[in-house]
Amino acid sequence: MSLNLQFILNSLILGIGLAMDAFSVSIANGLNEPVMPKKKMCGIAFVFAFFQWLMPMAGWTCVHTIVTHFRAFERWIPWIALILLLFIGIKMIAEGARSGGVDAEPSGVGIYALLIQGIATSIDALSTGFAIAEYGAENALVCALTIGIVTFVICFAGLAAGKRFGVKLAGRAPILGGIILIGIGIEIWIKSVL
């Protein structure tokens, strides 16, 4: 497959579709830390973009090397995402409830939670490696890079939107953010079951 307009459009559409979970989590992160500096926003968006790039490439590599082992793991992907997002969501709700809705200093997203979010929201993109399996290495890399760039832009916008509403919601923002994360985890799991 050559690098033509249709290929680029398909990669952009794939990137938008894959970035929606990360977008929602970015909104939750923005809600949780309404005074987040732009440098941190770029860092968070980069982590999501990195994982959205990495997972399709890992899936593509698996298809071309150890496909039988990967297929056995594939059915557990939604469960892993559900567990990780439930863990983070429940933790956010508990922290919000402990503050009692008072305008406490927001804790913000730490590196550990961010890595879990990045993995949880991108783990379903491993399956994208199967969808792009017929691509050569160059096209697979360009497709994955496009997905990563789209994810970065979308997540940055989600963080900005979350920050805007987080200022208005003040102490209730971590609870809302936790509910959003739990909802995303359940949605990923339901989509895999149906």
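Limited to the range 56-92, what total is found for residues that are crowded, with 17+ Cβ neighbours inside 10 Å, modelled with pLDDT of 80 or more and more than 18 Å from E134 (Cβ to Cβ)?
Looking only at that region, the number is 1.
If you check G101, G96, which single one turns out to be at positive phi and modelled with pLDDT under 80?
From the options G101, G96, the qualifying one is G101.
The values are calculated or read from the model by the stated rules, or taken from the named source; none is laboratory data. These numbers come from a predicted model, not from an experiment. Counting neighbours? That spans all protein chains shown, and the Cβs are built from the backbone with ideal geometry, glycine included.
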